[in-house]
């Protein structure tokens, strides 16, 4: 039997972190399923989902914990309880607007209050094409229960501010 594990990783960025992680996982017969990684403020951060033989879980956890001695911090989350996930409608969001403190808080609260779940969200500050002013950009996937109307979430996000450019497409 195999199990799923989710790893969160952080380290001062440098060459070889991914190689060290993937070798440690492979040495314990783990199978790298999917991942998201980034360099943020000079730090390497990532999340990885792996499959592991259940009988190798303890030794895999020990091997990953030993990476701490090399400055690679790994937190292992066990397989979550499988429950019905009612969020079956997926919307792709792409939002641009003037940057301001609290914009991520406002956006995520609005999505949650509309009954949606954020499945993936990437945010950044970019330079506006003509002025070079900082512009907030958020893109990702929002999920709704099948019974929900897309217009509810669209209207809620649009009501945040009249300076936002919002594109929402069904997936």
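If you take the alpha carbon atoms of the chain and fit the smallest convex hull around them, that volume is 144 Å³ per residue.
Across every pair of different alpha-carbon atoms, what Kirkwood hydrodynamic radius in Å does the stretch 11-76 reach? The answer is 12.2 Å. Find the centroid of the Cα atoms in the stretch 43-73 and in the stretch 92-110, then give the distance between the two in whole Å. Value for the Cα centre distance between the two parts: 33 Å. For the stretch 2-77, averaging the sequence separation of C-alpha pairs within contact (under 8 Å, six or more residues apart) and dividing by the residue count gives a relative contact order of 46 percent.
Starting from the Cα of residue 56, step 7 Å toward the Cβ, then list every residue of the stretch 12-39 with an amide N under 13 Å from that point. Correct set: 22-33. Within the stretch 151-168, list the residues whose amide N lies under 17 Å from a label point set 7 Å along Cα→Cβ of residue 106. Counting only backbone N, you get 154-167. Over the chain, calculate the relative contact order: mean separation of alpha carbon pairs under 8 Å at least 6 apart, over the residue count, as a percent. Worked out over the chain, it gives 23 percent. Estimated at 0.36 nm per residue, the fully extended path between residue 75 and residue 6 surpasses their Cα-Cα distance by 24.0 nm.
Taken along the Cα-to-beta-carbon direction at a fixed 7 Å, the label points for residue 43 and residue 88 span 3.9 nm. Among 110, 88, a tally of other beta-carbon atoms within 10 Å of each Cβ gives an order, fewest to most, of 88, 110. Counting beta carbons within 10 Å around each of 52, 35 and listing the fewest first gives the order 35, 52.
Read-outs throughout are calculated quantities, based only on the coordinates presented, and are distinct from any laboratory measurement. Being a predicted model, the structure only gives us computed values, none of them experimental. Because the Cβ atoms are built from the backbone with ideal geometry, glycine has one as well, and the counts that use them run over all protein chains shown.
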